[in-house]
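The next block holds one structure in the form of C-alpha cells; read it before the comments.
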Amino acid sequence: MTRTHFKPPELPPETEADLKRLCLEVRGDILHMTALAGSGHPGGSMSSVEILALLWSQASVDPGNPCARRRDRIVVSHGHVSPGVYSVLGRLGFIHLEDALAGFRQAGSSFEGHVERHIPGIELSSGNLGQGLSAGAGMALADRSLGYRNHVWVVTGDGEQQKGQIGEARRFAAKFRLSNLTCVIDRNRLQISGNTEDIMPVNHRAEFLACGWEVVSVDGHDLGALYRALAPAGQKAPRLVIAETVMGKGVSFMENDPEYHGRAPRPDELERALAELGLENEIERLRSRRESGAHRPIFPCEPSYHVLAHRGRPTVYPADHKGDNRSAWGAALLDLARTNPDDPPLVFDCDLAGSVKTSPFAREFPDYHFQCGITEHNTASAAGGASLSDRVVFWADFGVFAADEVFNQHRLNDINHTNLKVVATHCGLDVGPDGKTHHCMKYVGLMRALYNYLTVVPADPNQTDRVVRFAATHPGNFFIAMGRSAQPVITREDGAPFFGADYEFVFGRPDILRDGGDIALLAMGAMCHRALKVRDILADRGISVRVYAVSAPNALAEPFVKTLMPFRLLATYEDHDADTGMGAGLALTLADMDGAPRLARFGARTYGMSGEPDDLYRAQGLLPDQVAEVLAARLG
Ligand SMILES: Cc1ncc(C[n+]2csc(CCOP(=O)(O)OP(=O)(O)O)c2C)c(N)n1
C-alpha cells in the first residue's frame, strides 16, 4: 500500500481502496483472535480499526526499521484494543500476522492482552487507562526539543477520557504548544458498564477547546474524512480528533452492544460474524497452530537509552561545608548542563523548583526546564515518555509526590523500560515541621516493588554530586532520594571528605565508613553521620562497630550480605519506615541464609508529626544514643 506520510491533502483513491480491504481483513482477524483466545476486547478494537489502519499505514513509520530516529510515533492508550493493533501491524509487515492470530493471550507468546512496547511499531505498553496521552505528550516535547519534525498521535477510548490525568495532560500539551501532537478519541459512546453519558459524561470538545486545543469531529469510519483530520498539515496547536464510531462496527449483532466491549465471540457467533463480513472461518487452522505452542521470538528495537556524554568535573565539598544534598543535586545538574551544552537534560518540575533546587538550571536553561504545575500524575508519565526519546530526563519533586502519589505511573514506566531520573527531595522525618503528610517514608519499599528502578540514597553532598553525574551518564530509571536539611560532610578518620576527589560511585556497593568487629551497622542517607555517633558511643563501652553507608538500599546483594555473617549483630539505621525500607529488604535476603546473625532494624514505626527532625527521631527512638542503648542491650 502507498504510504503518503499524510502529505497529500486528500487520501488518494487507490490507497483508500487498499485501506478498505485492509480494514475488512482486520475485522476478521479481531474476531478470530478473540474467539480463539476465548477472551479479549473485540468491540473497541472494531470501532478503532480505521483509525489504527490509517495511522500505521500512512504515518512515517517504516515496518523495516520501526525504531528509526525521527519516526512518527503512534501511541495506543486504550491498550485493550490490542487485537486491532496486532492485526494492523501484521498486515502491514511489522510483525508476523499468524503469530499474533494464533498466540494472542497465550502464555509464552509476545501478544499479550494489552499492547506491549517490545512489539515493533508499538511505542508504549498500555492498559492502565489515562496514561497514554501524558506519555505521548512527553515524547512530542522531547522530540521537538531535538528538532525532529515528526508527529505523535495518541489514540484513546472515550470512556478513558473520564480519567483525571488526561486533564493534566491536556493542559500540559496546550501550555507547551505541542502542535506535533494529536489525540484521537474513539468515540463509540460505550464502555464496560454501558453508555458513556450515563456512566460519567465528559464534554470532550468543550474541555479540549477550553485548554487551547484544536478540535475536529469526524466520522471515524470514513477513511477520507479521518485522513484529513489526522493529517498534521497546518496544525498550530495540539489537536483533538473526535472520531465518531460504532462499537463492534461491521457485524450487525455486535454493533452498539457493550457486551462485546470485553467478550469474545462464541463459535456460532464467529461463524455468523465472518459470514456477514464475507470472510472465511479459519479458526481450526489457527487452533492447531496455537496448540502446537510454537512461538517465534520477537526482536524488539533496542531502546536508545540516551545518556550524557560528559559527566563534568565532580565537585568536592570540604569537610567544614554545611549544605543540604538538594543543593548539591541542583549544582551538579547545572554543571552537567554546562558541560553538555549541545545536549542539556530536560528537567520537569511540579511547582517546587525553588525547594528542589532546579531554579538555577531553569534560569540558565529556560528552554529545557518544564514547569508542569501541580500535575504529578501527568508529569511522571510525560517525563517517562520523554525519556524514551533521545534525551536525558530528570524529574525533581518532593518524595511523597514523586513516589507515593504516582506509584502506578512509575509502574507503567517500569513496564516500558523508560530511562527516567527521578530526584526525590524532602524524604523522611528529616522534612520536620511540615508534618506527616510530607514525610516520605515508604519509597524504598515502593521502588523495591518495581523491577527496573535503581534506588539511590546518597549520604552527603559529595556523594549526591557523584550519584547525579552517574545517573546522567548511565541508562535506566533512577530514584535518587534525599532529605531536606543540611548534612555534614562525611569524613574519613583523618578528617578529609570520605567521598572526596578520588571517590568513584559504584551502584550497589556499600561504603565502609569505619571498621569494627562486633556489630555491622548499615546506615542510609541522613542516618550515616548519626551512625558514626552511634559507633563512638559504643566504642566507649568497648563495643566495636563497622559502619556502612548504604547508597543502594535495594541492591544489597547476597555476596555482600555473606560478608556480614561473622558479625555478632547486624543493624540497619534509616530515616524510613522500618518495615518497608532497607532493613526489611535485608531481612528478606537473610531469611534465605543459614546461620545469619540477628538483625536489629532502626526506622520509623509510625507516621511522624510536626517538629524539628531530631525531636521526631527521638520520638521514634532513632537518636544515636537511643540506638546505641538498644544495640548494647541486644549484644548482651
Ligand atoms: C485505570 C483503569 N481503570 C479501569 C480499567 C478497566 N477497564 C478496561 S477497559 C475499560 C472501559 C474503557 O472504555 P473505553 O475507553 O470507552 O473503551 P471501549 O469500551 O471503547 O473499548 C475499563 C474501565 C483500566 N484498564 N484502567
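Taking a straight line from the alpha carbon of Lys533, these lysines sit under 19 Å away, with near neighbours fewer than eight places off in the same chain left out: Lys322. Annotation note: chymotrypsin sites (Phe, Trp or Tyr not before Pro) in region 534-636 located in DSSP loop regions with a Cβ neighbour count of at most 14 within 10 Å are Tyr607.
Here the accessible area is traced with a 1.4 Å probe on the protein chains. For the chain, carbon and sulfur cover 50 percent of it.
In the full protein context, the chain carries 36 Å² of accessible surface per residue, based on a 1.4 Å probe and ignoring ligands, DNA and RNA.
Counted over region 511-635, the DSSP beta bridges are approximately 15% antiparallel.
Our summary gives the chain a relative contact order of 12 percent, counting only alpha carbon pairs under 8 angstrom and 6 or more residues apart. Sorting 375-384, 527-536 by average packing, meaning the other beta carbons within 10 Å per residue, from highest down gives 375-384, 527-536. For region 511-635, the relative contact order is 27 percent, taking Cα pairs closer than 8 Å that sit 6 or more residues apart in sequence and dividing their mean separation by the residue count.
Give the relative contact order (percent, whole number) for region 322-488; include only Cα pairs under 8 Å separated by 6+ residues. Write out the running numbers ahead of the final one.
Numbers: 333 pairs, mean separation 48.0, N = 167.
About 29 percent, as a whole number.
How many percent of DSSP beta bridges within region 322-488 run antiparallel, rounded to 5?
Working: 3 of 25 bridges.
Around 10 percent antiparallel, to the nearest 5.
Against the empirical 2.2 N^0.38 Å scaling, what ratio does the C-alpha Rg of region 322-488 come to?
On the way: Rg = 14.2 Å, N = 167, 2.2 N^0.38 = 15.4 Å.
Cα Rg divided by the expected 2.2 N^0.38 Å: 0.92.
For Lys236, list the aspartates and glutamates whose Cα falls under 14 Å from its own Cα; do not include residues on the same chain fewer than 8 positions away. Of all the aspartates and glutamates, those that pass the test against Lys236 - Cα under 14 Å, at least 8 places apart if same chain - are Glu214. The heavy atoms of Met482 offer some 10 square angstrom of accessible surface to a 1.4 angstrom probe. Close amide H partners of Glu123, meaning residues 5 or more places away or on another chain with modelled amide H under 5 Å apart, are Ile74, Val76. In the context of the full protein assembly, Asp320 retains an accessible surface of approximately 130 Å², using a probe radius of 1.4 Å and ignoring ligands and nucleic acids.
For region 114-158 versus region 407-462, the spacing of their alpha-carbon centroids is 24 Å.
Phi angles across region 64-78 convert, under the Karplus curve 6.51 cos²θ - 1.76 cosθ + 1.60 with θ = phi - 60°, into 3J(HN,Hα) values of x, 8, x, 10, 4, 4, 6, 5, 5, 10, 10, 10, 9, 8, 8 Hz, Gly and Pro given as x. Here the 3J(HN,Hα) profile of region 344-358, calculated from phi with Karplus coefficients 6.51, -1.76 and 1.60 at θ = phi - 60°, is x, x, 8, 10, 9, 9, 10, 6, 9, 3, x, 6, 8, 6, 9 Hz, Gly and Pro shown as x.
In the assembled protein chains, Arg541 presents an accessible area of approximately 120 Å² (probe radius 1.4 Å). Ranking of Asp502, Asp351, Asp594, Asp575 by solvent-accessible surface, largest first: Asp594, Asp502, Asp351, Asp575 (1.4 Å probe, protein heavy atoms only, all chains present). Mind scanning Lys7/Lys421; Lys7/Lys163; Lys163/Lys421; Lys357/Lys562 and naming the pairs with a C-alpha gap bigger than 31 Å? Long pairs (Cα-Cα over 31 Å): Lys7/Lys421; Lys7/Lys163; Lys357/Lys562.
When the convex hull of its Cα atoms is viewed from all sides, region 511-635 shows a mean projected area of 7.0 nm².
Can you give the direction-averaged projected area of the convex hull of the alpha-carbon atoms in the chain, in nm²? Could you put the intermediate results ahead of the total?
Working: hull surface 119.4 nm².
If I average the Cα hull's projected area over directions, I get 29.8 nm².
Separation of region 469-511 from region 552-620 is 19 Å, based on Cα centroids.
Under 14 Å from the Cβ of Phe253, count the other residues' Cβ atoms, weight Lys and Arg +1, Asp and Glu -1, and hand me the total. In short, -2.
So how do Phe499, Phe176 rank on accessible area, 1.4 Å probe, biggest first, that is with the largest at the start?
Numbers: Phe499 0, Phe176 30 Å².
So the residues, ranked largest to smallest area, are Phe176, Phe499.
A convex hull fitted to the Cα coordinates of region 99-252 yields 138 cubic angstrom per residue.
Among beta bridges from DSSP that stay inside the chain, the antiparallel ones total about 15%.
The values are calculated or read from the model by the stated rules, or taken from the named source; none is laboratory data. Everything numeric here is computed off the predicted structure, so don't read it as measured data. Here the Cβ is made from the backbone with ideal geometry for all residues, glycine too, and neighbour counts use every protein chain on show. Side chains are part of the model used for accessible areas, which takes the heavy atoms of the whole protein and leaves out ligands, DNA and RNA. Shrake-Rupley method; radii C 1.70, N 1.55, O 1.52, S 1.80 Å.
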